[in-house]
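Take a look at the structure set out below.
The values are calculated or read from the model by the stated rules, or taken from the named source; none is laboratory data. All values reported here derive from a predicted model rather than from experimental measurement. Positions of Cβ are backbone-derived with ideal geometry, glycine not excepted, and every protein chain shown enters the neighbour counts. For the accessible areas, the whole protein counts, side chains as well, though only heavy atoms, and no ligand, DNA or RNA atoms are used. Shrake-Rupley method; radii C 1.70, N 1.55, O 1.52, S 1.80 Å.
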Amino acid sequence: MRARYGIPLGIMAAGAAGLAYSVGFEARSFRLRRVTVPVLPPGMHPLRVLQVSDIHMVGGQHKKQRWLRSLAGLRPDFVINTGDNLSDPEGVPEVLDALGPLMEFPGAYVFGSNDYYGPKLRNPARYLLEKTSGRHGLNGNAPAVGAIHNPWEDLRDGFDEAGWVNLTNTRGALKIEGVSIELTGLDDPHIKRDRYAKVAGGPTESYDFSLGVVHAPYLRVLDAFTADDYPLILAGHTHGGQLCIPFYGALVTNCDLDTDRVKGLSTHTAEGRTSYLHVSAGCGTNRYTPVRFACPPEATLLTLVPRS
């Protein structure tokens with residue numbers, strides 16, 4: 001009996017232990033990534049940017065809320081929120097409460113698909129199927145039917161009231177200690193709401209520094225920002241792969257970005273130009289798949305320094 005059932009039972013036990021770890025510990029093991037990016041003009045004073053992304057707030061996530069509030073202690077120069085704040089139609093008040101201390105700082109935001117629509121239960125294997133077929137979100141798939149509409153307008157109003165700049169297919173600006181920063185943002189490419197033609201043309205020369213902001217790092221968007229000579233692009237969406245294999249990495253990115261750049265700092269090249277790309281692994285998960293493995297939840301403090 002031992003010879004017949006010992007190995008399957010051992011596999012089941014290991015799987016159960018891994019699931020308990022990924023749900024009970026790692027998905028709640030919040031981290032801060034620190035990155036230095038040489039993108040500012042020579043002689044400019046460094047800027048500290050806090051990027052938060054993919055919060056996917058569900059009611060009762062008190063540890064996540066406390067951790068988000070604690071990030072204000074970093075005293076960033078400004079904050080960039082790259083979307084997917086919600087995973088619960090009732091979660092807007094908790095998002096605004098958790099981000100309240102951060103909204104005391106200058107900031108800007110874009111939305112992701114989960115800000116607009118509530119999550120649906122789906123087979124995780126579909127992400128692998130979408131990867132092999134080259135179809136992601138509404139990019140090649142049929143339109144969503146019976147989607148739950150989130151109260152994203154309330155979230156927008158809360159951010160706007162705090163003074164954060166809405167970058168939905170538009171440009172905005174921040175003034176930080178005399179430094180003028182241009183922000184060019186897009187709505188979520190994952191559900192085909194991006195309209196780059198509205199913001200095309202590249203950085204405005206009158207600003208000291210410009211960067212691009214988008215939720216999902218689809219290649220068409222990265223190509224456009226890079227070809228227009230933006231030195232830095234900030235994105236989220238990928239969850240860092242969410243379920244990764246130790247010493248190997250992510251299996252999927254949930255978009256057409258390659259898995260080598262699923263999270264952290266990298267570069268992107270298009271039309272002979274190169275931009276820095278930072279993809280946040282985010283600090284939440286879809287409410288129906290509250291697991292992370294070898295990919296802890298995170299926010300990122302980017303220190304922008306002059307290029308050599």
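Just a few scattered comments:
- 222 nm mean residue ellipticity, helices alone, for the chain (DSSP H n ≥ 4; -39,500 (n - 2.57); rounded to 500): -7000 deg cm²/dmol
- Note, ³J(HN,Hα) from phi for segment 192-197, Karplus 6.51, -1.76, 1.60, rounded to Hz, x at Gly and Pro: 6, 9, 6, 9, 5, 4
- Our summary gives the chain a relative contact order of 27 percent, counting only alpha carbon pairs under 8 angstrom and 6 or more residues apart.
- Placing unit charges on the Cβ atoms only, positive for Lys and Arg and negative for Asp and Glu, gives segment 158-209 a dipole magnitude near 280 debye about its Cα centre.
- Considering only the chain, percent of DSSP beta bridges that pair antiparallel, nearest 5: 45
- Note on segment 187-308: percent of Cα-Cα distances in each 5 Å bin, starting at 0 and stopping at the bin with the largest distance, equals 2, 11, 20, 22, 19, 13, 8, 4, 1, 0.
- Rounded accessible area of Cys255 (nearest 10 Å², 1.4 Å probe): 10
- Proximal lysines relative to Lys192, as straight alpha-carbon distance under 18 Å, when same-chain residues fewer than 8 apart are discounted: Lys131
- Selected from Pro101, Pro231, Pro246 as most flexible by GNM, with the chain as the system and alpha-carbon contacts under 10 Å: Pro246
- Label-point gap, in nm, between Glu205 and Glu271 - each point 7 angstrom along Cα→Cβ: 1.8
- Span-like helix criteria (full DSSP H runs; alpha carbon extent of at least 24 Å along the helix axis; mean Kyte-Doolittle hydropathy of at least 0.0) are satisfied in the chain by 2-24.
- Across segment 143-225, Cα pairs under 8 Å and at least six residues apart give a relative contact order of 24 percent.
- For Lys63, the lysines whose Cα falls under 27 Å of its own Cα, not counting residues fewer than eight places away in the same chain, are Lys120, Lys263.
- Debye intensity ratio I(q)/I(0), log10, segment 141-238, q values 0.19, 0.25 Å⁻¹ (C-alpha model): -0.99, -1.38
- Most mobile of Val179, Val37, Val291 in a GNM of the chain (Cα contacts under 10 Å): Val179
- Surface accessible to a 1.4 Å probe, Arg171 within the full protein complex, Å²: 80
- Accessible-area order (highest first, 1.4 angstrom probe) of the listed residues Thr132, Thr253: Thr132, Thr253
- Of Glu26, Glu177, Glu94, the one that fluctuates the most in a GNM where the chain has Cα springs shorter than 10 Å: Glu177
- Between Ser133 and Thr170, residue separation times 0.36 nm minus the direct Cα-Cα distance comes to 10.1 nm.
- Per residue, the average separation of C-alpha pairs within less than 8 Å and at least 6 apart gives segment 178-273 a relative contact order of 24 percent.
- Given R0 = 51 Å, the distance between the Cβ atoms of Arg48 and Tyr288 translates into a calculated FRET efficiency of 0.90.
- Note on exposure: Asp260, Asp223 ranked by accessible area (1.4 Å probe, complete protein assembly) read Asp260, Asp223, with the most exposed listed first.
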